[in-house]
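Visitor: Structure in structure tokens, see below.
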Amino acid sequence: MELQVQKREILGKKVKDLRILGFVPAELYGGAVENAHLSVPKNDFMKAYKDAGESTIVSLSFEGKKIPVLIHEVVFSTLGQEVEHVDFLAVKMDEKIKTEVALEFVGEAPAVKEKSAVLIKAMNEIEVEAFPADLPRSIKVDLAKLTDIDTSIYVKDLDISDKVKILVDPQTVVASAVEQIVEEEIVAPVASVEEIKTEAEEKKEKDVKEEKE
């Protein structure tokens, strides 16, 4: 996957002009490359981000060079509809790196479908270590393994290539099927008419008591 980028001279608050023209301001750093201010066409970037995510190598075409990078950080607008900024992390293909890989939950849990259990996802991503070329786009979590209430899927249960090292305790819970808690409706006791005193009656009793004293 390749992205054409160009050096960016526009900095600071003026980058909003870039966004109006359909470009996203970006930064390149890491590896053996020199830090650089970049701009990337928004449409091209969004396609690459959708396909690669943050754990698949993307090749930046920059000043006649092909630079392998990870999409390290993406900053979205407050409403989450527009990309405000992107960080590209240059990597060395012959050196292992540590990064977060997204968990992709697939299938349906029988405990949820058949026994009205509630699905709890304890993790959305997991830290791994691997050579850049071996990094997966995502790691699938098969919910079909949750066959009964109070069953769980652990890190040790994930199907992962032996080229990828998981940096999380194997006993860490990834997802669970738990019993649905039904809250009992508490009905407040209804007072009889005789038990209800109006504010005027209470005031009258208080006045009579004070007069006797």
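The values are calculated or read from the model by the stated rules, or taken from the named source; none is laboratory data. Just so you know, these numbers come straight off a predicted model, no measurement behind them. Reconstructed Cβ throughout: ideal geometry from the backbone, glycine too, with neighbour counts over all protein chains shown. Accessible surface areas use protein heavy atoms only, side chains included; no ligands, DNA or RNA. Shrake-Rupley method; radii C 1.70, N 1.55, O 1.52, S 1.80 Å.
Visitor: Only one of these is open to solvent by 70 Å² or more (accessible area, probe 1.4 Å) and hydrophobic (A, V, I, L, M, F, W, C): I120, I126, I149, I166. Name it.
Guide: Criteria check complete, one pass: I120.
Visitor: Restricting to region 52-96, name every residue that is over 22 Å from V164 (Cα atoms), of a type in the set (K, R) and in contact (Cβ under 8 Å) with a residue 40 or more places away in the chain.
Guide: Within region 52-96, just K66 meets the criteria.
Visitor: Inspect all residues belonging to region 30-40 and state whether any of them is touching a residue at least 60 places away in the same chain (Cβ under 8 Å) and open to solvent by 70 Å² or more (accessible area, probe 1.4 Å).
Guide: Yes, because at least one residue in region 30-40 is touching a residue at least 60 places away in the same chain (Cβ under 8 Å) and open to solvent by 70 Å² or more (accessible area, probe 1.4 Å).
Visitor: Being at pLDDT 95 or above and among the acidic types (D, E) is the filter here; which residues of region 158-188 pass it?
Guide: Residue satisfying the conditions is D169 alone.
Visitor: For region 63-72, state whether one or more residues are among the small types (G, A, S) and in a strand (DSSP E or B).
Guide: Restricting attention to region 63-72, the residues satisfying the condition of being among the small types (G, A, S) are 64.
Cutting the leftovers down to in a strand (DSSP E or B) gives us none.
Looking for residues that are among the small types (G, A, S) and in a strand (DSSP E or B), one finds none in region 63-72, hence no.
Visitor: Please specify each residue of region 152-163 satisfying the condition of being surrounded by 14 or more Cβ atoms within 10 Å (Cβ to Cβ) and closer than 25 Å to D51 by Cβ.
Guide: L158, I160
Visitor: Look at region 129-138 and say how many of its residues are open to solvent by 10 Å² or more (accessible area, probe 1.4 Å) and assigned to a strand (DSSP E or B).
Guide: Result for region 129-138: 1.
Visitor: Also, I was wondering about something else. Take region 74-117 and flag every residue that is among the aliphatic types (A, V, I, L, M), surrounded by 14 or more Cβ atoms within 10 Å (Cβ to Cβ) and over 20 Å from the mean Cα position of the chain (by Cα).
Guide: A90, V91, I97, A109, A111, V112, A117, listed by residue number.
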